[in-house]
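Each value in this text was obtained by applying a stated rule to the coordinates, not by laboratory testing. In this text, all values refer to a predicted model and were calculated from it rather than measured experimentally. Here Cβ is always computed from backbone atoms with ideal geometry, including for glycine, and neighbour counts include all displayed protein chains.
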Amino acid sequence: MRLDEVPVGKTVVVRSIADARLRLEALRLGIAAGTVLQVTARVPRGPVVVRGSSGPLALGREWARQVCVRPADILEDKP
């Protein structure tokens, strides 16, 4: 699932960020694989607002589309 598809109020865990440049920008914002985010708002044709450990962030829709997430209430399988 992509971050831009997550319903408001749901909590997710970042699995990966596709674009290397975006991954670096995300690190500066405190977002990396394993980061827990709660979607607090989705503005139509606008940003996705999330709350992480560093507080609220408004992420552009195209930016959010590059972030792969999983629901926080689902345990990830580890080999």
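Calculated mean residue ellipticity at 222 nm for the chain: -4500 deg cm²/dmol, from DSSP H runs with n ≥ 4 weighted as -39500 (n - 2.57), summed, divided by the residue count and rounded to 500.
Converting phi to 3J(HN,Hα) with the Karplus coefficients 6.51, -1.76 and 1.60 and the offset θ = phi - 60°, region 44-57 yields x, 6, x, x, 9, 9, 10, 10, x, 5, 8, x, x, 9 Hz in sequence order, with x at every glycine or proline. Of all the options 59, 29, 37, the one that moves most in a Gaussian network model of the chain with Cα springs shorter than 10 angstrom is 29. What you get for region 1-67, charging only the Cβ of Lys and Arg (+1) and of Asp and Glu (-1), is a dipole of about 40 debye around the Cα centre.
Based on Cα atoms of region 3-71, Rg over Rh with Rh as the Kirkwood radius reads 0.91.
Mind checking which of 47, 29, 7 is farthest towards the positive end of the chain's charge dipole, using Cβ charges of +1 (Lys, Arg) and -1 (Asp, Glu) about the Cα centre? Farthest towards the positive end: 47.
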